[in-house]
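Trainee: So that we are looking at the same thing, I have put the structure below in structure tokens.
What follows is calculated from the coordinates using simple rules that are stated; it is not laboratory data. Please read all numbers here as calculations on a predicted model, not as lab measurements. A quick note on method: Cβ atoms are made from the backbone with ideal geometry, for glycine too, and the neighbour counts reach across all protein chains shown.
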Amino acid sequence: MEGRGQRFIFYGIVAGVLAGGLCGWIFGEPMARVKFLGELFLHALFLLIVPLVFFSMIAGIASLGDVRKIGRTGGAALTYYALTTLAAVFVGLLLVNVIQPGRGFQEHAAALTDPALASRIEESMGKTPADALKDILFSIFPKNILDAAARQQILPLIVFALVFGGVLTTLGKAGKPVLDFCLGANEAVMVMVRLVMYAAPVGIFGLVAGRLGEQGGGAAVGRELAAVGWYASTVLLGLAVHALVVLPLLLYFLGRRAPHRYAAGVAPALLTAFSTASSSATLPVTIRSITERNRVRSDVATFVLPIGATVNMDGTGLYEAVAAVFIGQAFAVAAGIHIGLGGMLIIAVTATLAAIGAAGIPEAGLVTMLIVLTSVGYPQEVITAGMASILSIDWLLDRCRTTVNVWGDAVGAAVVERWAPPSSPDSEPHEAAN
Ligand code: ASP
């Protein structure tokens, strides 16, 4: 029954993406009316995020057991996240310097029609890396955890659950009922995720068709792509190299998993990431796919995936590095910009930082990219004009980089599982996939 249900969801999602893409491409604007189906699905996923992050982190910590194991697993995860994001940024920098998409670029400014995004961009204008670091710190320690949860800020919830769960494991008998409650609640939330996934085919159809419809259909998308073609191709090529070469090699050599089989297992999460453009919204699906379809130990997966969805963004780092250099190249003559080796290093470091600081929501990377553009010293007019030129295609690149972000998290779970200390008796066994 479980097998059949999973197959239905998997093929349903694939059909949803294909049918949504086809209908949105061909019928254009009228398809914007089906977007609400996708939004309903997104709401259902977001509804589960707060309890999922809270209980799954505690369940993960409880099954990992003692604090040293938590430290080793967490340390392995953070090392993996930082190094792979940096690797992705270098892939992007290499390609953008070889392809040089900004040379001879005809400016194609788009109007910023989304007021919420406009105000997020406005807020971030002129921020330095020090401001960005401070922002990250303040977002980890807000004044009120309920307020943070209400705003769906995941990072403080992770930290709170981490400490709360860690303390519970040290309380012995007094902590046991609370831990048992959290373990039970976690299982209940995971079952709710499965129920929501039955709606995924229709929801994903609505998201893809609705977005293409809003964009004006296939012809309009084709025009947008043509205007910023070299830039978009450089980002997409970089994402492809990272997702299809770098990460599978890590998965094979460090995670000891067969990449094609592992990718097939995690496919529902990848397709959900592409449709929602949000790592956080995809998190419930990622956890389910990894533990059930790929049989990664659930103590490791529930512990590292919420952190990964929030801080590990390989695709975003790569995109920010390419976009920053592209803008520099495009305005090299007009504004006398020259990015030397020092500039490239600043871009590498700040793009990694900006990717870590980006929330797992649509277009977050576009906003945190301002940190990179300011740090490298572009004048304000260049930043504004540069952002306007890459805006029109960002909705599509956002989906692609989110898919790579989630793939990076999934590979990370397999790699960290190998480094993590052996499981305690109640965590699930790992079955080698190759
Ligand atoms: N949408 C991306 C994510 O959720 C973040 C970004 O905008 O790059 O992973």
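Trainee: Please give the peptides 298-305, 148-155, 176-183 ranked by average Cβ packing (other Cβ atoms within 10 Å per residue), highest first, as a rough proxy for protection.
Mentor: Listed from highest to lowest mean packing, they are 298-305, 148-155, 176-183.
Trainee: Could you give the length gained on full extension between residue 98 and residue 174, defined as 0.36 nm per residue of separation minus the Cα-Cα distance, in nm?
Mentor: Going from the current span to full extension adds 21.3 nm.
Trainee: Let me ask you something else. Okay, helix-only estimate at 222 nm for the chain: each DSSP H run of n ≥ 4 adds -39500 (n - 2.57), divide by all residues, round to 500 deg cm²/dmol; what do you get?
Mentor: The helix contribution divided over the chain gives -25500 deg cm²/dmol.
Trainee: Give me the one-decimal Kirkwood hydrodynamic radius in Å for the chain, with the sum taken over alpha-carbon pairs. Intermediate results must be reported in sequence, preceding the final value.
Mentor: Details: mean 1/r = 0.0455 Å⁻¹.
Value: 22.0 Å, from the Cα pair sum.
Trainee: Just tell me which lysines come within less than 18 Å, Cα to Cα, of residue 134; anything on the same chain fewer than 8 places away is out.
Mentor: Excluding near neighbours in sequence, the set is 143.
Trainee: I'd like the projected area of region 234-351, averaged over all directions, using the convex hull of its alpha carbons. Report it in nm² with one decimal.
Mentor: Its Cα hull, projected and averaged over all orientations, spans 8.6 nm².
Trainee: Scattering from the C-alpha atoms of region 14-69 alone, worked out with Debye: what is log10 I(q)/I(0) at q = 0.12, 0.19 1/Å?
Mentor: -0.52, -0.75
Trainee: Sorted from fewest to most neighbouring beta carbons within 10 Å, what does the list 214, 363 look like? Don't skip to the end; give the middle numbers.
Mentor: Values: 214 17, 363 21.
The fewest-first ordering by Cβ neighbours comes to 214, 363.
Trainee: In whole Hz, what ³J(HN,Hα) sequence does region 306-315 give by Karplus (6.51, -1.76, 1.60; θ = phi - 60°), x for Gly and Pro?
Mentor: For region 306-315, the Karplus curve yields x, 5, x, 4, 9, 10, 9, 9, 5, x Hz.
Trainee: Another question about this same structure. How big is the charge dipole of region 267-331 about its Cα centre, in debye rounded to the nearest 20, if each Lys and Arg gets +1 on its Cβ and each Asp and Glu gets -1 on its Cβ?
Mentor: 240
Trainee: Now a separate question. Mind checking the angle between helix 394-419 and the chain's longest principal axis? C-alpha axes, 0 to 90 degrees, to the nearest 10.
Mentor: So the helix axis and the longest Cα principal axis differ by about 40 degrees.
Trainee: On each of the three principal axes of the Cα atoms of region 206-280, give max minus min coordinate, whole Å, ordered largest first.
Mentor: 44, 29, 20
Trainee: Still on this model: Could you give the spread of the C-alpha atoms of region 345-422 along their three principal axes, from largest to smallest, in whole angstroms?
Mentor: Here the Cα extents, ordered largest to smallest, are 55, 27, 17 Å.
Trainee: Something else: Positive end of the dipole of the chain, charges at C-beta (+1 Lys, Arg; -1 Asp, Glu), about the Cα centre: which of 342, 128, 58 has its Cα farthest in that direction?
Mentor: Farthest towards the positive pole: 58.
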